[in-house]
Amino acid sequence: MAGPPFYASCLSSSSNLGTSCFVLKTHNARAVPGTLRLRSSLTIKAEVKFVNAEEAKDLVKVDGYTVLDVRDKTQFERAHIKSCYHVPLFVENQDNDPGTIIKRTLHNNFSGLFFGLPFTKPNPNFVQSVKSQFSPETKLLLVCQEGLRSTAAANKLEQAGFSNVACITSGLQTVKPGTFDSVGSKELQDAGKAGLVTIQGKISTVLGTILVCAYLFITFFPDQAEKIFQMVPAG
């Protein structure tokens, strides 16, 4: 024989974990106690640790962190921490579509020429490359030159499940000589300096800015530039 029908249920819970109690009431108001087991969906999200150069040194020597350099190839070759790993967040952009060619030309005549910066694009294999070398539990100290790329890389790895990630605030440019054993032709703090600005300093920067402005004017306003050239008296 079928049991008495019920018409309402009341739930009470003080947490989304463990067991919650509930009561069913039948048509004659008889209470029927019971239990409802809830499956936890709690996710613990790790936070990226930001440290200065001296604290970073302790993370490596005392806490066993592994250094992962995420700079591009050119800066890495100028100077890097000895025995570190290298997986660039950005790689050289060698695409040859018209838009990329224009952007690369402008870049090479300014940032490339005066600051020695390569024309790059995001490395589509960054996270996968790191995963192929390290487990998500590995303690990683991410480094770049200014601190921006390492922060972006840390966020990507955090989303991919890495739980022990640290970065040097403001990057290797704040690392004093001797803090880490390094490899390369420059000090770690100077690895981002290249191009004409390293030859003549501020003078080259001013001259470079003038030349770049002239180049852009000739590129985008060729007719006006030609008229200006015609006004210059012949030697």
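What follows is calculated from the coordinates using simple rules that are stated; it is not laboratory data. Everything quoted here is computed from the prediction, not taken from an experiment. Note that we place each Cβ from the backbone using ideal geometry, even for glycine, and neighbour counts take in every protein chain shown.
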Net charge (Lys, Arg +1; Asp, Glu -1) of residues whose beta-carbon lies under 15 Å from that of ARG104, ARG104 excluded, is -2
In this structure, the FRET efficiency calculated for ASN93 and MET231 from their beta-carbon separation, with R0 = 35 Å, to the nearest 0.05, is 0.35
Checking rank on 221-227, 57-63, with mean other Cβ inside 10 Å and highest first, the result is 57-63, 221-227
If each K or R counts +1 and each D or E counts -1, the residues other than GLN173 whose Cβ falls under 14 Å of its Cβ total +2
Two pseudo-spin positions, 7 Å from Cα along C-beta at SER132 and at VAL51, lie apart in nanometres by 2.9 nm
Once normalised by the length of the stretch 51-174, the mean sequence separation of its alpha carbon contacts under 8 Å that are 6 or more apart gives a contact order in percent of 31 percent
Between LYS82 and SER163, the two model label points (7 Å from Cα along the beta-carbon direction) sit apart by a distance in nm of 3.4 nm
